[in-house]
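Note sheet for the following structure.
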Amino acid sequence: MTATGEHHIVKSYDVELGKLEDALARMGGLAESQLAAALQALDSRDSDLAGKVMANDGQVDALQSFVDEQTVKVLALRAPVADDLRSVVAALKVAGEIERIADLAANAAKRSLVLNRLPPVEPMRSLLRLGRLAQVMVKDVIDAHLGHDADKALVVRDRDQEIDDVYSSLFREILTYMMEDPRNITPCSHLMFIAKNFERIGDHATNIAELAHFRVLGKAQLEARTKKDDSAFIGGEPV
Amino acid sequence: MAEQVAEPKMTTRGLAVHYGSKLALKGVDLDITGGEVTALIGPSGCGKSTFLRCLNRMNDTIAEARVSGRATLDGQDIYGPGGIDPVLLRARVGMVFQRPNPFPKPIYDNVAFGPRLHGLVAEGEEMDALVRKALERASLWNEVKDNLGQQGTGLSGGQQQRLCIARAIAVEPEVILMDEPCSALDPIATARIEELIDELRESFTIVIVTHSMQQAARVSQTTAFFHLGEIIEVGATEQIFTAPANDLTQGYITGRFG
Ligand SMILES: Nc1ncnc2c1ncn2[C@@H]1O[C@H](COP(=O)(O)OP(=O)(O)OP(=O)(O)O)[C@@H](O)[C@H]1O
Ligand SMILES: [Mg+2]
């Protein structure tokens with residue numbers, strides 16, 4: 001009775017915690033591929049693919065329900081403490097964040113259906129760039145969480161600034177196109193909403209980074225990262 | 001003005017206990033804050049009971065036990081020349097044991113036993129009032145008020161344990177030591193004792209040994225983790241159970257020990 005083992009004395013406890021971890025890994029993988037497929041659908045104007053993304057959203061929701069039930073079960077039956085408690089609480093919250101990410105990806109796919117019926121517009125290239133940044137961030141933050149890597153989580157968290165910067169400049173770009181030619185207004189408005197979705201995905205990834213950090217180190221809330229998305233102020237100045 | 005930090009109610013410094021040639025407690029330093037519940041947790045045989053017994057010199061009654069190091073109550077030494085008189089000490093630092101152990105006497109006499117020993121109040125009305133108050137504070141009064149002449153040993157286990165708590169508080173101790181007070185009780189009786197501990201905390205300093213992690217988490221403000229005769233980690237209960245600093249503590253409380 002001296003060393004601290006990696007495994008619980010009660011093996012079924014390990015099994016139950018493992019189920020949670022597996023569900024999170026599957027959710028994370030699904031959300032990431034949903035986002036990748038949505039970007040692909042936008043890029044290649046592929047409405048079939050967009051339709052698939054929308055149809056697949058239910059899988060993520062189902063996994064989230066599973067995580068909800070499994071956490072309640074573990075809390076009730078095992079009364080977890082210390083790092084076990086932090087893992088279970090973080091799993092519940094991370095699943096919520098992933099579900100939102102997948103939702104936003106599905107919504108982007110839905111808007112691409114409208115875009116595909118309209119002539120292409122130039123800012124699409126910047127939009128795809130923003131989406132890919134978000135996709136990489138989602139992948140890395142989920143890896144950090146599942147790999148118990150607090151340092152990596154912090155590095156990923158800082159990348160949200162880049163997303164906010166790209167979003168702000170994309171916002172300006174879209175405005176310019178809308179002013180240039182009123183026929184651009186409809187496609188550009190959809191682009192704008194999709195851009196906002198990707199920016200929100202970055203925020204959810206940031207939340208996951210903070211949960212990963214909490215799960216590993218048990219520190220309470222990290223200092224809030226100051227948001228520097230200035231798109232809310234654009235329009236009050238000459239663009 | 002500098003902030004006033006309250007003196008700990010009890011302290012131990014380098015407190016060690018030998019049973020014959022076996023070193024059971026290896027020099028323990030602990031501050032016990034007044035008006036708080038301190039929980040002692042750790043695997044079987046790690047020295048929790050041994051440590052607890054040092055706090056009111058119950059180890060004196062064990063022939064082969066030898067205590068060294070310092071322990072204080074309100075800054076006054078418990079051991080050594082000039083130490084508090086052990087009989088007085090046990091009135092100020094009371095104890096409740098794992099198995100309810102009422103005397104084979106009427107309920108009334110169980111509670112009046114300590115006050116009589118120490119000549120606290122006169123028999124009659126004064127003693128009646130004292131017995132009633134102690135039973136009320138132990139949440140037992142309503143169940144026994146019509147049967148005070150009944151044998152204490154005839155009560156249920158949970159009631160017996162509350163009787164023992166009433167007996168301990170009847171002499172108005174400052175500190176109450178409890179060694180696994182709920183291990184023989186069902187969940188309802190346990191919940192009542194836990195509720196009682198929460199109430200008693202207002203008037204007494206409590207040190208409790210428990211094998212239930214959940215009980216330690218529920219009732220205490222400070223938790224000390226013992227292992228092989230030493231304190232490995234001591235801290236705010238909330239911190240110990242959400243983010244312990246030591247791997248051994250984490251392994252023990254999460255059930256990943258060994
Ligand atoms: N009267 C005694 N004579 C000899 N050895 C003793 C005596 N009492 C305790 N010990 C030894 O001292 C060590 C500490 O015992 P103690 O009873 O303090 O442990 P504990 O933490 O209270 O364990 P438990 O959780 O099982 O009650 C053990 O190794 C025990 O065998
Ligand atoms: Mg013991």
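What follows draws every value from the coordinates through simple rules; no lab data is involved. Keep in mind that this is a model prediction, so the values were computed, not measured. Every residue, glycine as well, gets a Cβ built from its backbone with ideal geometry; the counts of neighbours run over all protein chains shown.
For B:A243, all conditions in the list (1) in contact (Cβ under 8 Å) with a residue 12 or more places away in the chain; (2) of a type in the set (A, V, I, L, M, F, W, C); (3) within 14 Å of another protein chain (Cβ to nearest Cβ) hold save one; what is the number of the exception?
In the conditions (1) in contact (Cβ under 8 Å) with a residue 12 or more places away in the chain; (2) of a type in the set (A, V, I, L, M, F, W, C); (3) within 14 Å of another protein chain (Cβ to nearest Cβ), B:A243 misses (1) alone.
Determine the pairs where a residue that is among the basic types (K, R), located within segment B:10-36, has a partner that is away from ligand 2 (no atom under 16 Å from the Cβ) with Cβ atoms under 7 Å apart, the partner being 6 or more residues away or on another chain.
Between residues of segment B:10-36 that are among the basic types (K, R) and residues that are away from ligand 2 (no atom under 16 Å from the Cβ), the close pairs are B:R13/B:D29; B:R13/B:G69; B:R13/B:R70; B:K26/B:A16.
Within segment A:68-94, track down each residue that is touching an Asp or Glu at 6+ places or on another chain (Cβ under 9 Å) and surrounded by 15 or more Cβ atoms within 10 Å (Cβ to Cβ).
Once the filter is applied, which keeps residues that are touching an Asp or Glu at 6+ places or on another chain (Cβ under 9 Å) and surrounded by 15 or more Cβ atoms within 10 Å (Cβ to Cβ), segment A:68-94 yields A:Q70, A:V74, A:R78, A:S87, A:A91, A:L92.
Looking only at segment A:1-54, which residues are among the charged types (D, E, K, R), over 20 Å from the mean Cα position of the chain (by Cα), assigned to a helix (DSSP H, G or I) and away from every other protein chain (no Cβ under 14 Å)?
A:K19, A:D48
Quick test for you: out of B:E143, B:E202, pick the one residue that is away from every other protein chain (no Cβ under 14 Å), in a loop (DSSP other than H, G, I, E, B), over 23 Å from B:D29 (Cβ atoms) and away from ligand 1 (no atom under 16 Å from the Cβ). Talk me through it step by step, then tell me what you get.
Working: B:E143 fails: in a loop (DSSP other than H, G, I, E, B).
Every option except B:E202 fails the conditions.
Looking at A:V89, A:V67, A:V60, which one is out of contact with any strand residue (DSSP E or B) (no Cβ under 7 Å at 6 or more places or on another chain) and within 14 Å of chain B (Cβ to nearest Cβ)?
Exactly one of A:V89, A:V67, A:V60 is out of contact with any strand residue (DSSP E or B) (no Cβ under 7 Å at 6 or more places or on another chain) and within 14 Å of chain B (Cβ to nearest Cβ), namely A:V89.
For segment B:1-104, which strands (runs of 3 or more DSSP E) that fit wholly inside it have 2 or more residues that are within 16 Å of ligand 2 (Cβ to nearest atom) and out of contact with any Cys (no Cβ under 7 Å at 6 or more places or on another chain)?
Once the strands (runs of 3 or more DSSP E) in segment B:1-104 are filtered for at least 2 residues that are within 16 Å of ligand 2 (Cβ to nearest atom) and out of contact with any Cys (no Cβ under 7 Å at 6 or more places or on another chain), what remains is B:22-32, B:37-41.
Of all residues in segment B:82-136, how many are of a type in the set (K, R) and without any contact (Cβ under 8 Å) to a residue 40 or more places away in the chain?
Number of matching residues: 4.
Return the residue satisfying two criteria in turn: it lies in segment B:227-240 and is under 18 Å from A:P80 (Cα atoms) and surrounded by fewer than 18 Cβ atoms within 10 Å (Cβ to Cβ), and of such residues it is farthest from the other protein chains (Cβ to nearest Cβ).
First pass over segment B:227-240, keeping only residues under 18 Å from A:P80 (Cα atoms): B:236-240.
Those still in the list that are surrounded by fewer than 18 Cβ atoms within 10 Å (Cβ to Cβ) too: B:236, B:238-239.
Details: B:A236: 13, B:E238: 11, B:Q239: 9 Å.
Among those that are under 18 Å from A:P80 (Cα atoms) and surrounded by fewer than 18 Cβ atoms within 10 Å (Cβ to Cβ), it is B:A236.
Could you please let me know if B:A224 is assigned to a strand (DSSP E or B), under 19 Å from the mean Cα position of the chain (by Cα) and of a type in the set (G, A, S)?
Considered against the rule, which asks whether it is assigned to a strand (DSSP E or B), under 19 Å from the mean Cα position of the chain (by Cα) and of a type in the set (G, A, S), B:A224 comes out as yes.
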